[in-house]
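Inspection log for the structure reproduced underneath, given as structure tokens.
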């Protein structure tokens, strides 16, 4: 039995966020509907990297990718975050993409280091927007929610619970108090930028064995996706028009984190030629998938009256 034809994989935001007039919509009536794929960020990762789910040790994988020193230690991601109180609790509004520069990150981290040192943890600033905690190898960790699971929701629903979680809740509260008082946040807000008033702890564990994937390469600005690609021994490139234009069969182009309007305005000139010349699987973050082949452009009757 022959293997199925390999296609370029295009990972897109949820279909409900794609307006009827969006150029992507024109391609769907003529394409073949496929069984639904994974839903959401973690579901999409799991489609391409078997075994990746909410329990992925993202911290060790991303630290190894960025610094190459994960070793046998236990790691926990401690990404700079913005939380905001409202009538129903405190909500996580942003995480890991706060636009910090090196000096800002160092300034915010300085008062936090003694808190983590006292708890037996070492704070590492892997990049300005992605921080890690190095823990002793035998550290027992409770379950931590990935940012995708908590964004927009009340923190109380996603913090570690019970006696084991109490230590982490207290630690996070201490961190929030110090960051709330930090003068840098007043300066950021005066510039119209979001404050960095919390850290989001998630992705704990040790570095796992190399992952596998049927992909050939990845174009993405997502740190974990690029780290998984590198761990699987495949090519990975940051998102750029040239990288997208060079995408071929077996490559994954990751746009699922972008507003649909930005895809239409900025990235469509690079995407349209790909759809015209090769087989492309369009996988929306809400799970829907279509396969479009170049010959499908002749299915004019499918586009009529849509």
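Ranked by the mean number of other Cβ atoms within 10 Å of their residues, highest first, the peptides 159-171, 143-155 fall in the order 143-155, 159-171.
Adding -39500 (n - 2.57) for every DSSP H run of four residues or longer, then dividing by how many residues the chain holds, sets the calculated 222 nm ellipticity at -8000 deg cm²/dmol. Relative contact order, percent, of the stretch 178-282 when contacts are C-alpha pairs under 8 Å separated by at least 6 residues? It comes to 20 percent, rounded to a whole number. The label point for residue 91 and the one for residue 137, both projected 7 Å from the Cα toward the Cβ, are 4.4 nm apart. Here the gap between residue 110 and residue 154, fully extended at 0.36 nm per residue and compared with their Cα-Cα distance, gives a gain of 13.1 nm.
Among 182, 22, a tally of other beta-carbon atoms within 10 Å of each Cβ gives an order, fewest to most, of 22, 182. Here the simple spin-label model places points 7 Å from the Cα toward Cβ, and for residue 277 and residue 119 these points are separated by 5.1 nm. Report the antiparallel proportion of the DSSP beta bridges in the stretch 58-205 as a percent, rounded to a multiple of 5. Antiparallel bridges: around 95 percent, rounded to the nearest 5. Spin-label pair residue 266-residue 221: with each label point 7 Å from Cα along the Cα-Cβ axis, the two points sit 0.4 nm from one another. Among 250-259, 87-96, the peptide with the highest mean count of other Cβ atoms within 10 Å heads the list, and the full ranking is 250-259, 87-96. For residue 189 and residue 241, what does the FRET efficiency come to when R0 = 30 Å and r is the distance between their Cβ atoms, rounded to the nearest 0.05? That pair, residue 189 with residue 241, gives E of 0.35. Among 71-82, 208-219, sorting by the average number of other beta carbon atoms lying within 10 angstrom of each residue, highest first, gives 71-82, 208-219. For residue 178 and residue 163, the difference between the fully extended length at 0.36 nm per residue and the C-alpha to C-alpha distance is 3.0 nm. Full extension of the segment from residue 206 to residue 25, taken as 0.36 nm per residue of separation minus the current Cα-Cα distance, would add 60.9 nm.
Would you mind pulling out the separation of the Cα centroids of the stretch 134-190 and the stretch 9-57, in Å? Taking the Cα centre of each part, the stretch 134-190 and the stretch 9-57 sit 30 Å apart.
Every number in this text was worked out from the coordinates using simple rules, so none of it is lab data. Keep in mind that what you see is a predicted model, and the values were worked out from it rather than measured. For neighbour counting, all protein chains shown are included, and Cβ atoms are generated from backbone atoms with ideal geometry for every residue, glycine included.
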